[in-house]
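**Student:** I have a structure here, written as structure tokens, and I will follow up with some questions on it.
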Amino acid sequence: MHPQELPVIIDAWAQHPTLRHINDPVFDSLKRWTKVGNLTEELPVELTIGQMDAAGIRKSLICAWEAPGKSMISNDEVASVVNSAPDRFVGIGSVDISHPMKAVREIHRCVKVLGFKGIRVLPWLWSKPPTDRWFYPVYTACCELGIPFCTQIGHTGPLMPSEVGRPIYLDQVALDFPELTIVAGHIGYPWTEEAIAVATKHAKVYIDTSAYTAKRYPPELVRYMKSHGDHKVLFGTNYPMISAEKALQDLDALELDKKTEQLFLAENAIRVFKLEC
């Protein structure tokens, strides 16, 4: 389907995974319920586009994954996928935070050369909270370049400590970097109210719903979306963990009004990531 024929829905967190990513042992604990097993061949880009078409997704923000000592999905691999379908994909980079100056240079390359719209680093991969000093050069670079810093909040599905995903850590980050836009993915469960409190307090802190289907959104998040948080929550899937079609299956049951639904599904992401649709 031609993208202009699709409704305007933006997936704020997705991956086009490499074999290194989807088969990494850190995800073994997830496979007992996601039913996504190890693969032997790289997924074709057409498969990812096909699942987007099935759910009416106009664009997906696909991200790189840098972990200690390894690159699960490199920035150049993300750029290759984006270049194969630039009207469907937007790149989100990642960096090795253990080498601060190298990370800063790579962020500049991601934005200025590869055209990426944000940087994502996952605290649980590094076993460090977002207030750790390794993160601060990343925040500085994101502020200088005017791009969002994307991260994960809430417990971890992989068997890694969840404490570093406490949303309250972002309160201190937002105080130290008031210019920084922060998009916190995965809802923040079981600390969703804490995530809402931080997003309410700070004008540039947002929440995305990746890794959750609509029927699993916590009631307090739905109430927030229907009230003063209508401009603060972005739709996401965490594909291939959850397909867009499955993530949106029970959206009508939330009973969002038309304006709130459009903000959630597209307009918030377009504004935050400065997208063209």
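FYI, it's all coordinate maths here, none of it is from the lab. Keep in mind the model is a prediction, meaning the values are calculated, not measured. Positions of Cβ are backbone-derived with ideal geometry, glycine not excepted, and every protein chain shown enters the neighbour counts.
**Student:** Could you give the nm distance between label points at residue 132 and residue 70, where each point is 7 Å from its Cα heading toward the beta carbon?
**Tutor:** 1.8
**Student:** Give the long-range amide H neighbours of residue 150: residues separated by 5 or more places, or on another chain, with amide H under 5 Å away, using H modelled in the peptide plane at 1.01 Å from N.
**Tutor:** 119, 120, 121, 183
**Student:** Scan around residue 90 for amide H atoms under 5 Å from its own, H built in the peptide plane at 1.01 Å from N, and keep only partners 5 or more places away or cross-chain.
**Tutor:** 60, 61, 62
**Student:** Using a 7 Å offset from the Cα along the Cα-to-Cβ direction at both residue 254 and residue 201, what is the distance between the two label points in nm, to one decimal?
**Tutor:** Between residue 254 and residue 201, the simple spin-label model gives 2.5 nm.
**Student:** Sort 186, 155 so the one with the fewest other Cβ atoms within 10 Å of its own Cβ comes first.
**Tutor:** Listed from fewest to most nearby Cβ atoms, that is 155, 186.
**Student:** So, R0 is 35 Å and r is the distance between the beta-carbons of residue 159 and residue 99; what FRET efficiency does that work out to, to 0.05?
**Tutor:** The value I calculate is 0.85.
**Student:** Check which residues have an amide H placed less than 5 Å from residue 239's amide H, if you skip close sequence neighbours.
**Tutor:** 15
**Student:** A follow-up question, please. Take the Cβ-Cβ distance between residue 168 and residue 54 as r, set R0 to 30 Å, and report the resulting FRET efficiency rounded to the nearest 0.05.
**Tutor:** Computed FRET efficiency for residue 168 and residue 54: 0.20.
**Student:** Right, here's the next one. As a test of understanding, state the convex hull volume per residue of the range 7-117 from its alpha carbons, in Å³.
**Tutor:** Dividing the Cα hull volume of the range 7-117 by its residue count gives 109 Å³.
**Student:** Under 13 Å from a point placed 7 Å out from the Cα of residue 23 along the Cα-to-Cβ direction: which residues of the range 40-83 have their backbone N that close?
**Tutor:** 40-43
**Student:** What GluC sites (Glu not before Pro) in the range 229-277 are in a loop by DSSP, with at most 16 other Cβ atoms within 10 Å of the Cβ?
**Tutor:** 255, 276
**Student:** Also, I was wondering about something else. Only Cα pairs within less than 10 Å get springs; with that Gaussian network setup on the chain, which residue of 69, 118, 93 has the largest fluctuation?
**Tutor:** Taking springs between Cα atoms under 10 Å, the residue moving most is 69.
**Student:** Then there is this: Compute the distance from the alpha-carbon center of the range 101-134 to that of the range 247-277, in whole Å.
**Tutor:** About 26 Å separates the Cα centre of the range 101-134 from the one of the range 247-277.
**Student:** Still on this model: Of 48, 237, how do they rank once you tally other Cβ atoms within 10 Å and put the fewest first?
**Tutor:** Going from least to most buried by this count: 48, 237.
**Student:** Size of the dipole of the chain about the Cα centre, Lys and Arg at +1 and Asp and Glu at -1 on the beta carbon, nothing else charged, in debye to 20?
**Tutor:** The dipole of the chain has a size of about 340 debye.
**Student:** Go through (i) -0.21; (ii) -0.24; (iii) -0.28 and flag the label whose value is the computed log10 I(q)/I(0) by the Debye sum over Cα atoms at q = 0.07 Å⁻¹ for this structure.
**Tutor:** Among (i) -0.21; (ii) -0.24; (iii) -0.28, the one calculated here is (i).
**Student:** Another one. Write down the percent of antiparallel bridges among all DSSP beta bridges whose residues are both part of the range 3-273, to the nearest 5.
**Tutor:** So the antiparallel bridges in the range 3-273 amount to around 10 percent.
**Student:** Could you work out the relative contact order of the chain? I mean the mean sequence separation of Cα pairs under 8 Å and 6+ apart, divided by the number of residues, in percent.
**Tutor:** Relative contact order, the chain: 19 percent.
**Student:** Here's a follow-up. By count of other Cβ within 10 Å, fewest leading, how are 84, 71, 227, 94 ordered?
**Tutor:** Least crowded to most crowded, the residues run 227, 84, 71, 94.
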